[in-house]
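The values are calculated or read from the model by the stated rules, or taken from the named source; none is laboratory data. If you're wondering where the values come from, they're calculated on a predicted model, not measured in any experiment. In this analysis, Cβ positions are derived from the backbone assuming ideal geometry, glycine residues included, and neighbour counts consider all displayed protein chains.
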Amino acid sequence: MTNHAEYFARYEAIAAISSCMLAAAQRSLWNELEHLQDEYRFLVEALKEAELDVQLNDAERLRKYELLRRILADDAAIRELASPRLAKLSTLFASGRPGRVLKELYGAR
């Protein structure tokens, strides 16, 4: 990591992806959400390495806190939106009938 600008650019990118993930969840675009989660994970892994080398002053710590707060708020909202869908999937899979699960998920084809 060469500078703080790059460090915060990574946090900003994660916050932007998080916002896109929330928008996808709000529109029930679960496949898009899954794709965005892959990008999110990649960015978080890259940031983990950068975290080891950076020293932040008080203003930078505050900026980091605000970005993390936004990211976590998006995450909480996504989980809230996904909970009913996950409960439905859990019920379908508990029935032990994979054919019914597929029909429920994708409709009769």
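Filtering the range 1-15 to residues that are of a type in the set (A, V, I, L, M) and either surrounded by 13 or more Cβ atoms within 10 Å (Cβ to Cβ) or over 16 Å from Arg70 (Cα atoms) (or both) leaves Met1, Ala5, Ala13, Ile14, Ala15. Screening Ser28 with (1) at pLDDT 90 or above; (2) not in a loop (DSSP other than H, G, I, E, B) gives one miss only, at (2). Of all residues in the range 31-61, those being in a loop (DSSP other than H, G, I, E, B), surrounded by 14 or more Cβ atoms within 10 Å (Cβ to Cβ) and polar (S, T, N, Q) number 0.
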